[in-house]
Amino acid sequence: MLTMPQCCQRFKALRWQPSFISPFEPLKGLSVMKIFVINLARSPERRASMEQQLSRLNLEYEIVEAVDGSQLSYTDIMKETRPLNYALSCGEVGCALSHINIYRRIASEGIPMALILEDDALIDCKTVDVMSEIEERNTTHPTVTLLTEGPKYINKPLYKSDEKKHQIYEVLEAACSHGYVINNSAACRMANFLYSVWMVADKWQVLKEYSVCQVEAVIPSVIGKTPHADSSTIQFDNDFKKRLEEEKDFMWAGIKRKRPLKLKLKRLFWSSFIYPFLKISK
């Protein structure tokens with residue numbers, strides 16, 4: 001059985017450390033949605049990149065210090081995770097906790113809606129336009145809206161922008177967490193559903209399967225990645241990566257076996273009688 005790397009040392013308290021709020025006032029007509037930027041303290045160059053992008057767009061934002069998985073001890077990881085856990089590496093646990101902490105804050109402070117960015121996100125004026133449209137749509141149903149590239153989705157739009165530049169679709173699968181909008185009701189549910197940690201931050205289809213919230217995507221995407229994404233803060237050597245993937249397969253099989261019978265039957269019905277007739281795009 002794979003164990004956490006021994007490099008994980010001392011656990012830093014999972015508290016909020018908002019370290020910067022932009023002094024710029026948003027321009028009239030721009031989104032006033034709350035923006036959180038997750039940044040590791042040991043990655044100042046990523047922080048600088050996000051500050052530059054957001055300030056250039058005159059957006060208010062808050063840099064939040066991420067939970068650094070490399071500083072978590074084995075004991076602390078066992079405390080913060082479930083025995084059957086798909087988030088196996090220290091970095092994945094830290095990333096999951098960082099997002100969960102934001103969900104908790106959205107819930108406790110009654111924030112209606114927020115944009116959550118990781119520090120390798122690439123944004124521009126199109127991002128701001130879409131944020132404004134999502135705010136105007138103002139759905140109260142628990143919803144996460146992905147602004148990033150690469151989702152697998154049902155090719156039947158749920159919503160079209162006024163100028164028809166972007167459309168929103170229902171997501172089937174996606175694997176990016178560097179830029180998404182979440183509303184308060186979704187944050188409340190996800191904070192409880194995902195803690196103690198048992199899932200990586202970006203396996204969005206799990207939320208759909210367990211009926212936690214609606215997961216949608218903006219097509220075409222309006223958030224990319226900066227060159228910083230090519231040097232991930234979660235690094236593995238080849239041998240460890242291979243063992244990690246094997247262990248993930250084992251854990252995922254265990255998670256599927258442990259699903260409630262009602263959920264298994266729902267999944268069987270959906271995959272047999274609904275999925276084959278859907279028009280899927282990616």
statement: All conditions in (1) assigned to a strand (DSSP E or B); (2) over 20 Å from Ile38 (Cα atoms); (3) out of contact with any helix residue (DSSP H, G or I) (no Cβ under 9 Å at 6 or more places or on another chain) are true of Arg243 except (1)
task: For residues that are of a type in the set (A, V, I, L, M, F, W, C), assigned to a loop (DSSP other than H, G, I, E, B) and modelled with pLDDT of 95 or more, tally how many sit in region 29-44.
output: 3
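Can you pull out the residues in region 102-149 that are of a type in the set (Ser, Thr, Tyr) and in a loop (DSSP other than H, G, I, E, B)? So that I can check it myself, show each step before the final result.
Initially, region 102-149 is screened for residues of a type in the set (Ser, Thr, Tyr), giving 103, 108, 127, 132, 139-140, 143, 145, 148.
Matches in region 102-149: Thr139, Thr140.
Condition check: in contact with a Lys or Arg (Cβ under 9 Å, 6 or more places away or on another chain) and either of a type in the set (Lys, Arg) or under 30 Å from Lys258 (Cα atoms) (or both). Does Val67 satisfy that?
Numbers: in contact with a Lys or Arg (Cβ under 9 Å, 6 or more places away or on another chain): yes; either of a type in the set (Lys, Arg) or under 30 Å from Lys258 (Cα atoms) (or both): yes.
So Val67 fits the description; yes.
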task: Can you run down the residue pairs with Cβ atoms below 6 Å, 6 or more apart or on separate chains, where the first is in region 154-178 and exposed (fewer than 15 other Cβ atoms within 10 Å of the Cβ) and at pLDDT 95 or above and the partner is assigned to a loop (DSSP other than H, G, I, E, B) and among the charged types (D, E, K, R)?
output: Asn155/Lys279
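Taking the condition out of contact with any helix residue (DSSP H, G or I) (no Cβ under 7 Å at 6 or more places or on another chain) and either of a type in the set (A, V, I, L, M) or without any contact (Cβ under 8 Å) to a residue 24 or more places away in the chain (or both), does Ser108 pass? Before you say what the answer is, go through the steps one by one.
Details: out of contact with any helix residue (DSSP H, G or I) (no Cβ under 7 Å at 6 or more places or on another chain): yes; either of a type in the set (A, V, I, L, M) or without any contact (Cβ under 8 Å) to a residue 24 or more places away in the chain (or both): yes.
Yes; evaluated as a whole, the condition is true for this residue.
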query: Are there any pairs with C-beta distances below 7 angstrom linking a residue in region 195-214 that is assigned to a loop (DSSP other than H, G, I, E, B) to a residue that is of a type in the set (S, T, N, Q), with the two at least 6 apart or on different chains, and if so which?
result: Ser196/Thr81; Trp198/Thr81; Trp198/Asn85; Ala201/Ser177; Asp202/Ser177; Cys213/Thr143
- prompt: Among Ser221, Ser272, which is farther than 20 Å from Ala175 by Cβ and at pLDDT 95 or above?
  reply: Ser272
task: Answer yes or no as to whether Arg47 is surrounded by fewer than 24 Cβ atoms within 10 Å (Cβ to Cβ), touching an Asp or Glu at 6+ places or on another chain (Cβ under 8 Å), outside any loop (DSSP other than H, G, I, E, B) and of a type in the set (D, E, K, R).
output: yes
message: Among the residues that make up region 59-66, is at least one of them on the phi < 0 side of the Ramachandran plot, free of Cβ contacts under 8 Å to residues at least 60 places away in the same chain, surrounded by 21 or more Cβ atoms within 10 Å (Cβ to Cβ) and aromatic (Phe, Trp, Tyr)?
response: yes
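The values are calculated or read from the model by the stated rules, or taken from the named source; none is laboratory data. This structure is a prediction, so every number in the text was calculated from the model and none was measured. Virtual Cβ from ideal backbone geometry, glycine too; neighbours counted across all protein chains shown.
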